Structure formats: C-alpha cells, structure tokens
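Take a look at the structure below.
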Amino acid sequence: MKNFTIVANWKMNLLPLEACELVQNINMQYGDLPHNIRVLIAPPSLYLQSLAEKNRGTIKFVAQNCHEKEEGAFTGEISAQMIAASFCEYVILGHSERRLYFKENNKLVNAKARVALDAGLTPIICIGESMAEREKGKTNSVLKSQLKACLDSLHSESDIIIAYEPVWAIGTGFTPTPGQILDTHIFIKEELMKIQKRDLPVIYGGSLNDKNAKAILSCINVDGGLIGGASLSFETFSSIIDTSREISGN
Ligand code: PGA
C-alpha cells in the first residue's frame, strides 16, 4: 500500500479566524485517517502553537522555516526548539521563496536541517530547478548539487522528506507532465541512494491542485504533495486528500 504525505503550505495567507475554521474543517473530516496517509498543515508561525495545541490528533503541524542557530540575538526569528515545543513535528526548509527573497542557499538549508533534526523535527527540504536551468538541460545537475549540499553529513537514519518543486511551477498554474515528474523523482531517488544509501519520501510541489492531483499522485515515485494555493480552500485541499486515499486504496 502506498504511503502519502500531503502538506498544506499556507505561506503568508489567512487571518486567524479563517485559519481556525479551515483547520477545524480538515480535522473534522480527516480526524481518523488511515496510517498510510499523513496530512500536514504549515500555517504562518504566529498561529502555529495555538492551532497545533487545539487540534492535536491525526493532522500534524509544520513550521514554514526556522533559524539555523539554537538561540540568540536574532530579532524576528524562531528556533527549531521553539517549534518543537509548540506541538509541531515538521519544518519546511529551503523553499524557493526563501531562496529567492531571503537569499537562502544550500549551505544554510543544511545548517537549518541540522538544528531541526537536533530539536526532533522532521525537515521537509525543498529542491527544484528554475525555468532557465531546465531550458539549458541542467535540471538533474541542479537537483543533484542541491541534494548533496542540503543533506551534507546529515545522519542517515534521520527522518527527512524531500519536496521536488520546480521553481517555474510554483504559483503559475504550469506543471511538468506526469512523465517528467516521474523521471525526475526516479532521478532524485537514485541520488538519495547514493548520498544517504536509502529511500526517502519525495513529494511533488508546484501548482498541484484538485484537477491534476490524480495524474501526479498516481506516479509511482511520487509520495505526496506540497500544496500552496490549492490548500487555502477546504474544497480543493480535501479533494486532493481524497484523491490520495483513492489511489492508495482506502
Ligand atoms: P503552489 O505552491 O501550489 O501555489 O504552486 C506550492 C509551494 O510553493 O509549496
């Protein structure tokens, strides 16, 4: 039976009441998920603790980022330990928006992953090529160097999730074809075998929605999705969860 990890990345969206209502609806509908379907929600950090504390159950919570140091004078930042102490179990690292707008690089992502793991969090590490890199035929070499640097010296027993998110597919309505996604996930899994000597869940992100979820999640090496825009409405997000249940046979 296939395992799926379905992650809602809300980014900087939803006001407190909207966030509460959406989580409550998801919890009511999916409070009792089969063990092979993981539904995770990444709200803005301001709401993390209260949402996670009030909704402890099958749905788990995710921070959208953390700082690379354990503590200190870093105004405006939050630490991995704070996240772990706020009933959250996961953190998204290296999202392309962090790389683009906050100049985060692979080395920093690696340092963040290290503190996240030390705090007991599971990092969801994002990798992906830009359109220019794809057009130059560099997709695989970019992904390879991102994986190598982001996972550098991380313990090979750590719980880690990789999110493949082509930068050009995020928020654009464009996606690679299911065949291209399949090929890329095969490549990523081969690299993971070389770097970490094991299989890790590889989820797809970038304009994944209720319309294309079936085609994308049916790809054999796609272990779930990281969903931005379509996770902001209960209808579209629940439709994606239902699709994953249908594909996994429960
Ligand atoms: P999108 O975002 O689904 O809106 O393309 C995905 C992401 O950025 O994680």
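The values are calculated or read from the model by the stated rules, or taken from the named source; none is laboratory data. Just so you know, these numbers come straight off a predicted model, no measurement behind them. Quick reminder, even Gly has a Cβ in these numbers, built from the backbone with ideal geometry, and neighbours come from all protein chains shown. To get the accessible areas, we keep the full protein, side chains included, count just its heavy atoms, and leave off ligands, DNA and RNA. Shrake-Rupley method; radii C 1.70, N 1.55, O 1.52, S 1.80 Å.
Odds and ends about this structure:
- Under the condition of being in contact with a helix residue (DSSP H, G or I) (Cβ under 6 Å, 6 or more places away or on another chain) and either without any contact (Cβ under 8 Å) to a residue 24 or more places away in the chain or open to solvent by 40 Å² or more (accessible area, probe 1.4 Å) (or both), the residues counted in segment 150-162 number 2.
- Looking only at segment 115-143, residues that are crowded, with 18+ Cβ neighbours inside 10 Å, out of contact with any strand residue (DSSP E or B) (no Cβ under 9 Å at 6 or more places or on another chain) and closer than 20 Å to residue 201 by Cα come to 2 in all.
Yes/no matrix, rows are residues, columns are (1) within 16 Å of the ligand (Cβ to nearest atom); (2) open to solvent by less than 20 Å² (accessible area, probe 1.4 Å); (3) not aromatic (Phe, Trp, Tyr):
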| residue | (1), (2), (3) |
| --- | --- |
| 203 | yes, yes, yes |
| 219 | no, yes, yes |
| 222 | yes, yes, yes |
| 225 | yes, yes, yes |
| 247 | no, no, yes |
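- Of the criteria (1) of a type in the set (Gly, Ala, Ser); (2) more than 16 Å from residue 231 (Cβ to Cβ); (3) modelled with pLDDT of 95 or more, which one residue 8 fails: (2)
- Filtered residues of segment 57-83 (kept if open to solvent by 30 Å² or more (accessible area, probe 1.4 Å) and not in a loop (DSSP other than H, G, I, E, B)): 60, 81, 82
- If the condition is being hydrophobic (A, V, I, L, M, F, W, C), open to solvent by 70 Å² or more (accessible area, probe 1.4 Å) and in a helix (DSSP H, G or I), then segment 1-36 contributes 17, 28.
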